[in-house]
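Here's the structure, in structure tokens; my notes come after.
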Amino acid sequence: MSWEIMRTETAPCECGEGTETFTFEMDDWNRTQSSTEIHCPKCQQKKQREIEVEQAREKKRDELLQRAQQLTTERYLLQWLALFAGMTKKAAWERYTGGSGYPALGTFYLHVKHSGSLGKYMEWCLTNDLERSLGVLEVKDKEIDALLQERAQLWRPSSVPL
Ligand SMILES: [Zn+2]
């Protein structure tokens, strides 16, 4: 498996003091990829800064989510498991999804099977779809909401080229 360069293009860089070279490649499966090489110290530094900003943002998003998941588990896991305790899988699915949407009933059954038990799967659901689960619980937790909102605001599209 090898990539073959299809074409390269050189254009002025963003600040105009240097150039950028775009390289387009294709492999044996006709998949394409492109890359950019910046020949300008100023723009190279700017790109590096953008990458660092994005990495910091991603780290912050992860931290906020982990904190929200931790608080949710501490405060609501027992209540959450009690909600589904003794329910049939179908009843639990109806309660969790409202009877429609993701996951479909068959998928839900599969997830329960792979998790080992309904309780284990529901525990996973609680932290992996926090907003929905808190909605199902009819819980309004200002602290958790604030963490999730702060996280959502960090999803600004990045200006860093891929
Ligand atoms: Zn430049």
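How many residues does segment 30-50 contain that are in contact (Cβ under 8 Å) with a residue 12 or more places away in the chain and more than 16 Å from the ligand (Cβ to nearest atom)? Write out each step before concluding.
Residues of segment 30-50 in contact (Cβ under 8 Å) with a residue 12 or more places away in the chain: 32-43, 46-47, 50.
With more than 16 Å from the ligand (Cβ to nearest atom) added as a condition, the list becomes 32-35.
Final tally of qualifying residues: 4.
Does Thr72 fit the bill of being touching an Asp or Glu at 6+ places or on another chain (Cβ under 6 Å) and polar (S, T, N, Q)? Reasoning before the result, please.
Values: touching an Asp or Glu at 6+ places or on another chain (Cβ under 6 Å): no; polar (S, T, N, Q): yes.
No.
Quick test for you: out of Lys47, Lys42, Lys90, pick the one residue that is over 21 Å from the mean Cα position of the chain (by Cα), modelled with pLDDT under 95 and in a helix (DSSP H, G or I).
Values: Lys42 fails: modelled with pLDDT under 95; Lys90 fails: modelled with pLDDT under 95.
None of the others qualify; the one that does is Lys47.
Quick one: which residue in Ala68, Ala56 is in a helix (DSSP H, G or I), more than 16 Å from the ligand (Cβ to nearest atom) and farther than 30 Å from Met122 by Cα? Spell out how you get there, then give the answer.
Details: Ala68 fails: farther than 30 Å from Met122 by Cα.
Matching residue, one of Ala68, Ala56: Ala56.
So which pairs qualify, if the first residue must be in segment 1-22 and more than 14 Å from Glu37 (Cα to Cα), the second must be within 16 Å of the ligand (Cβ to nearest atom) and among the hydrophobic types (A, V, I, L, M, F, W, C), the Cβ gap must be under 6 Å, and the two must be at least 6 apart or on different chains?
Taking only residues 6 or more apart or on different chains, the pairs are Cys15/Cys43; Glu17/Cys40.
The values are calculated or read from the model by the stated rules, or taken from the named source; none is laboratory data. Being a predicted model, the structure only gives us computed values, none of them experimental. Cβ: placed from backbone, ideal geometry, glycine included. Neighbour counts: every protein chain shown.
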